[in-house]
1. Cα centroids of segment 287-344 and segment 43-95: how far apart, whole angstrom?
2. Normalised by the empirical 2.2 N^0.38 Å for globular proteins, what value does the Cα Rg of segment 286-340 take?
3. Give me Rg/Rg_expected for segment 264-386, where Rg uses Cα atoms only and Rg_expected = 2.2 N^0.38 Å with N residues.
4. Label Cys386 and His344 with points 7 Å out from Cα along Cα→Cβ: what is the distance between them in nm?
5. Using a basic spin-label model with each label point 7 Å from the Cα along Cα→Cβ, how many nm lie between Thr267 and Glu446?
6. Once you place label points 7 Å from the Cα toward the Cβ at Thr46 and Ala363, how far apart are they in nm?
7. Given R₀ = 35 Å, FRET efficiency for Lys19-Arg329 by Cβ-Cβ distance, to 0.05?
8. For Glu321, Glu364, write out the residues from largest to smallest accessible area, computed with a 1.4 angstrom probe and no ligands counted.
Amino acid sequence: MRMIISNVCAKKFLKLAAKFQISIRKKLHAEIFNKEISSGEILTLTLDTIQALNEFFIKILPNVTSTIILLPIFIFAALIMDWLTALILLVTLPIAPLLLWLIGKATAERNAQVWAELQKLNGDFKEILSAVVALKMFGRIAAAASKLKLTSEKSSAATLEVLKLAFVSSFALELITTLSIALVAVTLGLRLIAGAVEFEVALFLLLIAPEIFAPIRKLGVMFHVAIAAKLAVERLEKFLLSEPVKVSGTEKLKLPPEISLLSVSYTYPLKKVPVLREMNLKISAGKITAITGESGCGKSTLIKLLAGLILPTSGEIFFNELPSSKMQRASLFSKIAYMPQKPHLFNATLADNFSMFNRLGGAELPKLLAELDLNLDLSSMQKVSCGQLQRVGLVRSLLKNSSLILLDEPTANLDEESELKILNVLKEYSLRRTVVIATHRRAVIEIADTVIKL
């Protein structure tokens with residue numbers, strides 16, 4: 001009976017967990033650009049923190065639900081059969097939850113330490129991965145690996161401390177529940193010898209006594225999952241309820257924008273040399289502008305600055321003579337379509353991937369797919385090649401119908417024929433829009449109205 005109820009509850013809570021994860025991730029994605037947050041904390045929140053909540057839904061809630069349903073039934077049955085045994089059960093049952101509460105107070109600080117070490121490990125790992133080429137060039141791989149090893153060992157040590165407490169608490173719970181069942185058994189045995197209780201009643205009570213304490217044992221095993229989930233909720237609340245980055249002014253972006261950069265510099269975090277230094281340039285409104293230069297000169301960084309994904313270390317970016325720092329971020333993002341070098345294919349059907357920011361008419365998607373020679377099953381989640389992924393990202397950007405289109409190497413990984421089709425589409429959709437393209441391809445440079453070499 002317990003297994004049937006637990007399995008039914010598990011299926012229901014599994015669906016609820018999936019919906020909850022999607023809801024939380026949507027809120028996180030909506031707030032990332034409005035809050036000051038490190039890359040390590042982003043990784044911890046979107047992966048480990050939400051996973052801790054998932055464990056809570058899958059492992060704890062089904063058992064708690066079955067316990068709430070079955071425990072009163074067992075206690076009531078024991079009370080009907082023998083009031084003294086029911087009294088012993090009612091007296092011994094609260095001891096285990098009280099012990100769990102005391103252990104929880106002792107382990108809360110340890111769990112917080114684990115989260116902090118894990119966040120640092122995520123941040124260090126992401127930093128090393130992003131700079132692995134530079135580290136290899138300058139012979140710093142060994143030093144970076146040593147740093148990552150040290151952080152990993154600290155994280156493992158903190159986790160081991162929590163596991164030690166988990167084993168001790170589990171042992172204590174097993175001991176208490178075993179002694180409670182033994183107390184019931186000894187009492188019933190003595191009373192059975194004295195003739196104070198019938199054999200059938202004693203046998204029934206001995207059979208249900210372990211079932212009454214079984215949920216306590218399971219909750220003890222999963223107690224630290226509950227502690228981790230509690231800390232996860234606190235971390236999510238702290239991030240989601242924190243004050244957004246304050247931006248003075250409420251100016252909105254007009255169409256299509258002229259862009260000016262005034263003494264703009266940008267240095268990546270933990271780096272000393274700026275990628276862009278004191279840059280001054282103007283990008284004409286309603287024109288196609290190509291940003292060229294050698295690899296590593298800052299083309300992608302400039303595109304990200306224009307998209308608002310990163311903020312200048314110094315200087316100011318103006319849209320139609322309005323400083324970007326005084327513009328509504330929501331208004332700015334709504335008017336910008338950004339395509340990175342490697343567009344992301346979301347875990348959804350291709351139709352959903354295309355329609356994420358769709359503001360054009362329904363007939364635009366088939367038209368774009370035909371012009372770019374993309375023969376895809378939109379109702380499926382099929383894999384696409386690198387060249388197809390580039391075109392998927394371009395279609396998604398164009399469907400947003402934005403006044404400012406920012407493209408980072410849109411024709412990379414494409415042959416000349418596919419590149420020509422993309423350029424024809426770009427020329428068609430560039431009317432009354434400002435298009436900025438970071439590229440090193442000659443064909444793209446030739447269609448541009450203006451070329452800026454970094």
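The values are calculated or read from the model by the stated rules, or taken from the named source; none is laboratory data. Small disclaimer: the values here were computed from a predicted structure and weren't measured. Cβ atoms come from the backbone with ideal geometry, glycine included; neighbour counts cover every protein chain shown. To get the accessible areas, we keep the full protein, side chains included, count just its heavy atoms, and leave off ligands, DNA and RNA. Shrake-Rupley method; radii C 1.70, N 1.55, O 1.52, S 1.80 Å.
1. What the calculation gives is 54 Å, centre to centre.
2. Numbers: Rg = 12.0 Å, N = 55, 2.2 N^0.38 = 10.1 Å.
Computed over Cα atoms of segment 286-340, the ratio equals 1.19.
3. Numbers: Rg = 17.9 Å, N = 123, 2.2 N^0.38 = 13.7 Å.
My calculation over the Cα atoms of segment 264-386 gives 1.30.
4. According to this spin-label approximation, the distance is 2.1 nm.
5. 4.2
6. About 3.8 nm separates the two model spin labels.
7. Values: r = 28 Å, r/R0 = 0.80.
My answer for the efficiency is 0.80.
8. Numbers: Glu321 155, Glu364 50 Å².
Sorted descending by solvent-accessible area, the residues read Glu321, Glu364.
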